[in-house]
Structure formats: C-alpha cells, structure tokens
1. Residue under question is Y95, and the condition is that it be over 20 Å from T5 (Cβ atoms), of a type outside the set (K, R) and either open to solvent by 60 Å² or more (accessible area, probe 1.4 Å) or over 29 Å from the mean Cα position of the chain (by Cα) (or both); does it hold?
2. If you take the residues of the range 354-389 that are in contact with a helix residue (DSSP H, G or I) (Cβ under 9 Å, 6 or more places away or on another chain) and among the acidic types (D, E), which of them is surrounded by the fewest Cβ atoms within 10 Å (Cβ to Cβ)?
3. Would you confirm, using the coordinates I've provided, whether K316 is open to solvent by 20 Å² or more (accessible area, probe 1.4 Å) and without any contact (Cβ under 8 Å) to a residue 12 or more places away in the chain?
4. Could you list, in sequence order, all residues of the range 327-341 that are of a type in the set (K, R) and either touching a residue at least 24 places away in the same chain (Cβ under 8 Å) or within 10 Å of I266 (Cβ to Cβ) (or both)?
5. Name the residues in the range 251-264 that are under 32 Å from the mean Cα position of the chain (by Cα) and either in a loop (DSSP other than H, G, I, E, B) or without any contact (Cβ under 8 Å) to a residue 24 or more places away in the chain (or both), would you?
6. So which residues in the range 291-306 are surrounded by fewer than 20 Cβ atoms within 10 Å (Cβ to Cβ) and in contact (Cβ under 8 Å) with a residue 12 or more places away in the chain?
7. I need the full set of residues from the range 265-289 which are of a type in the set (S, T, Y) and either in contact (Cβ under 8 Å) with a residue 12 or more places away in the chain or assigned to a helix (DSSP H, G or I) (or both), in order please.
8. May I ask you to verify whether N281 is open to solvent by 60 Å² or more (accessible area, probe 1.4 Å), touching a Phe, Trp or Tyr at 6+ places or on another chain (Cβ under 6 Å) and not aromatic (F, W, Y)?
Amino acid sequence: MAVRTRLTWMQEKNLQTYFGGKQFTLLYKASVHEFSAYYLFKRCCDQGPIVVVIYKEHYVVGAYMKTSCKKEEKIPIVLFALEENTISECKISSYVPTELFHDGSRGRNDLEFHINMRKQVMTLNLDTSEKLRLPHMQASPFQECEVFRCEDLLDRRTLEGINELHESLLSAVNTYKPHKNLVPQVRILLLGPTRAGKSSFFNSVKSVFRGHVTHQALVGSEATGVSDTYRTYSIKDTVDGNFLPFVLCDTMGLHERGKGLCVDDIAYILKGHISDRYQFNSMKPITPSHCNYIHYPLLKDRIHCAAFVLDVNSVKYISHEMIAKIKAIRRQLIKCGMPHVVLLTHVDSMQLITKGDFTDIYRCIPVKHKLEAVHKKLGFALSDILVVSNYTSEWELDPIKDVLILSALRHMLWISDDFLEDLTARGNKDLVV
C-alpha cells in the first residue's frame, strides 16, 4: 500500500513554495518505518536536500537541510514552524545530523533543537522557540515524523518530457484533418464575458505556431471590452505557408444586461450567416435584410465547436445574470447539437499555483475546486472544462504554457470532429461543402 504524507495539500504547497518551488518525495514516515533515528538515516542519507517534518497537535515543526544529509558531516540547517498558512523560520548553527536526530544516547542540553526518535519527544531551547513563535519545548511529545527529498519542480528530465509532448501536440494539430475532409478548416467560436481572455487566447495560439509572442487581436482592460466586431482568424503554418486546419472566431463580450453580444445573434453565427468583420449592435441583432448577411452559408461557414472563455479568478463572483445568459446560450448550442467547452484562463495568477504545477495542473486542489465550481454553477461536465494560461505580458514563449494551449486546442479539434461525424451519420441536409 502506498505511504501517504500527513501534510494537507495546502501545507505541502506552502512549504514547496517557501523553499523555492520544490517537489517533495516522501522517503520516511516514522509510523510506517519505525520511530528510529537509525531507520531515518538509513532511508534519507545521500538523497540530496531533505525536509524533516514533525507533527504536533496544533502545528508543524521541521528542519530543512539544503545539502545532502551525511551522518557524520556538519551541514547548515534551517528550522521552520508552519501554523495554518504562516511559516516562521530560524537558521541555526551547522550540525552533524545525528546530533539532532537520535535515539536517546546523543542528545545534549546545549543544542538549539534536537529530537529523541525512540521516545517521540522534541526539544527547542527558549531562543529558538521565540524565533519560531512557538512555546518553549522541553521533551515535548510529537505524533509523527516524515522526511521528504526536495527536488526542483522542473528538473532536466521533466523539461525534456515537456519538450517531447510539446512537439507531439504541435504535430498532432498541424497534421489534423477534419472528418472525411468535409471542411478545409473547423471553426471554433470563442464566447464569454469581456476581459475573460478570448482575444488573448487567439493571440496565444498564434504565438505558439509562429514561434514568437504576437498580439494580432486587440486586447484591453475596459469593462466594455475593446471590440464590437466579429473576427475570424486563420493562422498560417510557418513551415509550408499553408493555413492550419482551424479558424478561431472571436466575438463581442457578454454582459449581464444592456451592452454586449446580443444572444439573438448567436444562432446566426452558429449557422454561418455572419461574415468576418461584421459590427455587432447590442440593441439590434442581425437580420436577413442586413447587407453583410450570408443567405446560403456552406458547411465550412458554420461553427463546429464553441468555447466559453472565463477568467478562473472570476468564477466565484460570476453574477446570476451572467449565469442565466450562459445557460441560455448553452440551450441554443445543445439544440444545434453543437459541442462546447469551457476555457479557464489566467490560471497562472491563482494563489500558490506556480509554473511547475502546469505539468499536472488538473491535480492541483485549487484548480479542482474551480472546475467543480464551474460544473456546479453552469452544468458543464468536468471533462469539458479546460485550463489554459495565455500570453499576456510575456516576451518569450514557454513550452509549459504552450502544452496547456495546444492540449486545449487539440481537445476542441476532436469534439469538432464528433460534430462533423454526427452530421454525416444523420445524413444532414446541411452537408453542403
């Protein structure tokens, strides 16, 4: 059976971040491997930097050894205390680890800190206790001891794996062909509130394929958004100059009331009646009499997949009016048999989320909570809620960000294929290419 840490996700994340963005690998757990300094050192010496975590009733005390632990070599040690989400630190003298962690025969009264593993008691002198903002501990009992190896979240092997995945995803998108070549490119509609990151997502996708950060679509911070124009964006492959097999369609932002994209326009967008650069009027939806109205759209003009773009930090505060509007749009999409997903942007701005977390972002507890909140409020399946980090202020591309963007894009291409396949299965009369 797997040995699990007693640290909560939040405690572990706080410590990992505090010590410079580390990942922890559990090496020793006293209740499993025995309360013994002998077994502690047997499992933890020569393992690189380690963190020793001591569990008391209301708080956690520990020691961070930045250099590899050697039984009989003095090494610098940092003590810390973690109470709720607050970490206090105290640097102590360099010690031979066996002086501080022992089984009863080597404890000395002049030490700033030491632990008798056999008796399960810990001692901190008065000065050290005050620096850690803890009560004075003289042979104070503890419940558990764990030791973790500390490694960089993004070591060379991890980065090599990310680069391989990056190239694989790039190739998969580049070589994608819509179902039975029914259309030359699938069309993905971007919907969502203003400032959620719709235009930034397009810019980010284009940046990935261009090989440098670009900002073709205007991005702004005004509450009303920067564009009231419908735009359809194709991206050229820099290698052969051909267009990539998808078009991203950017719309005016949604508002709770008054200004913003008119819900009545969405049905016309989905069916391909609205042309590139059509200027929306939030008070007056398009009609067949409009000069830019496409009366006989082909399948290639239609939308094949929709994505609701939401700022991950706004999910908690999304208004009842916005929820009602998104649900009304979803009903239209479902009526049309249109597959749709959620893109949660700005994940990099979430508290305690670091770039290293992007390699396994869907396992991060705060991200899981956001996905569950979207599922509960808007009704989307958890598997249809995707997480991305757009390029907004960066000057250079990052393969880790690219992987999130490409993974989301690949998922949307897959469900676009499902839509096209469903049309052919039903022998739909709209299959006019």
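1. Details: over 20 Å from T5 (Cβ atoms): yes; of a type outside the set (K, R): yes; either open to solvent by 60 Å² or more (accessible area, probe 1.4 Å) or over 29 Å from the mean Cα position of the chain (by Cα) (or both): yes.
Yes.
2. Result: E372.
3. Numbers: open to solvent by 20 Å² or more (accessible area, probe 1.4 Å): yes; without any contact (Cβ under 8 Å) to a residue 12 or more places away in the chain: no.
Judged against the criteria, K316 is not a match.
4. Start the filter on the range 327-341 by keeping residues that are of a type in the set (K, R), which leaves 327, 330-331, 335.
Passing the criteria: K327, R330.
5. Taking the range 251-264 as the starting set, the residues that turn out to be under 32 Å from the mean Cα position of the chain (by Cα) are 251-257, 259-263.
Residues satisfying the conditions are T251, M252, G253, H255, E256, R257, K259, G260, L261, C262.
6. Initially, the range 291-306 is screened for residues surrounded by fewer than 20 Cβ atoms within 10 Å (Cβ to Cβ), giving 291-301.
Of everything in the range 291-306, those that are surrounded by fewer than 20 Cβ atoms within 10 Å (Cβ to Cβ) and in contact (Cβ under 8 Å) with a residue 12 or more places away in the chain turn out to be N292, Y293, I294, H295, P297, L298, L299, K300, D301.
7. Taking the range 265-289 first, the residues of a type in the set (S, T, Y) are 268, 275, 278, 282, 287, 289.
Across the range 265-289, the qualifying residues are Y268, S275, Y278, S282.
8. On the way: open to solvent by 60 Å² or more (accessible area, probe 1.4 Å): yes; touching a Phe, Trp or Tyr at 6+ places or on another chain (Cβ under 6 Å): no; not aromatic (F, W, Y): yes.
Answer is no for this residue.
The values are calculated or read from the model by the stated rules, or taken from the named source; none is laboratory data. Please read these numbers as outputs of a predicted model, since none were measured by experiment. Please note: Cβ atoms are built from the backbone with ideal geometry, for glycine as well, and neighbour counts cover all protein chains shown. Note: areas computed on protein heavy atoms with side chains; ligands, DNA, RNA excluded. Shrake-Rupley method; radii C 1.70, N 1.55, O 1.52, S 1.80 Å.
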